[in-house]
1. May I ask for the net charge around A85, where only other residues with Cβ less than 13 Å from the Cβ of A85 are counted and Lys, Arg are +1 while Asp, Glu are -1?
2. Using modelled backbone amide H atoms (1.01 Å from N, in-plane), which distant-in-sequence or interchain residues come within less than 5 Å of G57's amide H?
3. Report the trypsin sites (Lys or Arg not before Pro) located in segment 34-132 that are in a DSSP loop and have at most 16 other Cβ atoms inside 10 Å of their Cβ, or state none.
4. I want to check a number: in segment 40-143, how many lysine pairs have alpha carbons closer than 30 Å, given a sequence separation of 8 or more or different chains?
5. Report, by chain and number, residues whose modeled amide H sits under 5 Å from the one on H81, excluding near sequence neighbours (fewer than 5 apart, same chain).
6. Using the Karplus curve 6.51 cos²θ - 1.76 cosθ + 1.60 with θ = phi - 60°, what ³J(HN,Hα) values do you get for each residue of segment 109-114, in whole Hz, with x for Gly and Pro?
7. Taking the Cα centre of each part, how many Å lie between segment 104-134 and segment 29-95?
Amino acid sequence: MAGRAHRDLPFCRANKGIDKCIVQVQYNTCTMTKTETPEEVRRWFSTAIQKFWPVAGGSISLRKSPCIRDHCSACESGKGHSSYALSGYRGSRRFSVYVPDELAPEIQKAVDNGRQLQELMKEAGLRFVRARKNERRAGGRST
């Protein structure tokens, strides 16, 4: 029954007397004023990216691999040799670069910053399009 579908949600199961379940989704975006210009968007973006250093694309992972030595006790025990690697794509080619253990936290921060920067770029794109459309409307041209 369609009327009972909402009762499958954990929140609604706890409140069985509720006929309708309201699900609230929070979506955070930077809001812009209606009169924001493309130049203001550029200045906003230039200021906002200052905090995203260091920056890196891809992902960092801990990998385990055997070594080339005969009768290595770590390899024979199954423990193997762990090391971090930064992996990703450069164009259409995949890359993987060794990361020393002591640099791994800093590289992880750079990867996290890279992901946040990508989200900021999406926001900048939306704001730029809105600003240009507002600019065209103000100039009397149709959109």
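1. My count for the surroundings of A85 gives +2.
2. Those qualifying (amide H under 5 Å, at least 5 residues apart or on another chain) number zero.
3. On the way: sites: K34, R42, R43, K51, R63, K64, R69, K79, R90, R93, R94, K109, R115, K122, R127, R130, R132; in loops: K34, R69, K79.
When the trypsin sites (Lys or Arg not before Pro) of segment 34-132 are filtered for loop state and at most 16 Cβ neighbours within 10 Å, K34, R69, K79 remain.
4. Close lysine pairs under the 30 Å cut-off: 8.
5. S65
6. Per-residue couplings from phi come out as 4, 4, 5, 4, 4, x Hz.
7. Rounded to whole Å, the Cα centres lie 14 Å apart.
All of the numbers you see were taken from the coordinates with simple rules; none came from a lab. This structure is a prediction, so every number in the text was calculated from the model and none was measured. Methodologically, a virtual Cβ is constructed for each residue, glycine included, from the backbone with ideal geometry; neighbour enumeration extends over all protein chains shown.
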